[in-house]
1. Using the Kirkwood radius over Cα pairs, work out the Stokes-Einstein diffusion coefficient for segment 244-296 at 25 °C and 0.890 mPa s, in µm²/s as a whole number.
2. For a quick check: with amide H placed at 1.01 Å from N, whose amide H comes under 5 Å from LEU212's, ignoring anything fewer than 5 positions away on the same chain?
3. Would you kindly calculate the mean projected area, averaged across all directions, of the convex hull enclosing the Cα atoms of segment 90-144, in square nanometres?
4. Output ³J(HN,Hα) for segment 240-251: one whole-Hz value per residue in order, computed from phi by the Karplus curve 6.51 cos²θ - 1.76 cosθ + 1.60 with θ = phi - 60°, and x for Gly and Pro.
5. Can you give the extra length, in nm with one decimal, that the chain gains between HIS312 and HIS132 once fully stretched, where that is 0.36 nm per residue apart less the Cα-Cα distance?
6. Quick check: Cα centre of segment 123-164 to Cα centre of segment 182-252, how many Å?
7. What residues qualify as long-range amide H neighbours of ALA109, i.e. H under 5 Å apart, gap of 5 or more or another chain, H built at 1.01 Å from N?
8. Once phi is turned into θ = phi - 60°, what whole-Hz ³J(HN,Hα) does the Karplus curve with 6.51, -1.76 and 1.60 give for every residue of segment 315-321, x standing for Gly and Pro?
Amino acid sequence: MLPPDGCGRTEHRARENSMSNTPHTTVFAGIDARTPASLPEWYRRHHHDPETITFSEAIRCLPRASTTEVAYRNPYLDDWVATDRFTAIVEPGRLAEQQSDEAEEPLFAIPTDAYSVINPVDVYGPLEKVLHETEYDDRVLGEVTFGEIRQSRGGGEVHMDILFDGYSVELPGRREPITLGVTTGYDYFGGHAVYVEGFARDTVCANSIRQLTDRETVRHVGAIGDFREWWERILTQLDLVANDLIAFIAEASDSSVDFTEVPFDLAEFYALLGFPEYLVDHAVRDVRAMASNPLDVDMWTLHSGATYALTHFFTGGDGVALDRYVTTANDILFNPSATLDVVERSFERRAAEARETNGQTDLESQVALAQLERVGEDIHSNARRFEEREAELRSRFASVADD
């Protein structure tokens, strides 16, 4: 029988999913029972009116890790030999249940003895305190905290989006804001150190804008640091993002690609940037629905198409592949000139391959590249301004880190 609510029910659902290694998502609102909070309506609709628990409950429902001794079998002695060079990372609750026929696999990994276990409460317990004490618009951030936690690989890999309702940037001419927050996570397999980076969600389409700040990490090695100071510094960096994001969006909105003047269409634009075909299809569909003129599309709308595809249709998990596509999508917004450079190089490479396979003339290639360069002149002319603003933002991040 399931408990009526709270961690017990969440753990039961997590157990069912992790046994089949199915990704599992928990939605939370508010830091703890002291902070009355609810999901924003746009987020509730996106998640189809989900059950929620508090952030404090959610992180305490996550699988923990501890260490135990490791041995290897010597077939000549028909015996097991202990070693102190390695240590097993295990879920202690699952060890206790291992006698059951339905028990989950308790072992996460076997790293060297230099591995230091960092459990969810070690990292996110200090964040609870910081959010209780950080004021925003006559409230504390803990009262407006919401988001989701995604578990995979039996709960050994965790990623979460933590957002703050009302902590947002307003775009000119649009009522719906972009809500700010952080993305963070870790795993017990050695693939992801504990990390955090700036994050935002567009409340119109629930698109995720990731990598808004440099990723900060704490490796599972040595003594655990002061996570409270870590979170305070990260929230300060988020303030800097809020001040600059509107300016980046405004300038990207003034820079556009006229697809009647370039030798490729909207779908080919995304393909030349390296997006796979299924993401290209979804990005194109979104741009055609959102753009005022689908033949002359500004870089902000092109960026939104890419983030729409990644947020709602990416078939991989959180990891290297997603990070690579997110970086490409963000360049459309934060560095349009670099994006056009990538498109030009990809088109030139494709033209060279076409000449080798079907005899396309150099003249055809040169005319096409000249078209592309001519359309990109305005965007390239603004390149220095984008680069200076980004460098200034990174400099301010660095000064915060040094304080």
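1. Numbers: Rh = 12.2 Å.
Estimated via Stokes-Einstein, D reaches 202 µm²/s.
2. GLY198, PHE199
3. Values: hull surface 24.8 nm².
Quarter of the Cα hull surface area: 6.2 nm².
4. Each residue's phi maps through the Karplus curve to give 5, 4, 4, 6, 9, 4, 4, 5, 4, 5, 4, 6 Hz.
5. Value of the extension gain: 61.6 nm.
6. 12
7. Under 5 Å from the amide H of ALA109: ILE89.
8. 8, x, x, 5, x, 4, 4
Each reported figure results from applying straightforward, stated rules to the coordinates on display, with no laboratory input. On a predicted model such as this, the values are computed, not experimentally measured, just so you know. Counting neighbours? That spans all protein chains shown, and the Cβs are built from the backbone with ideal geometry, glycine included.
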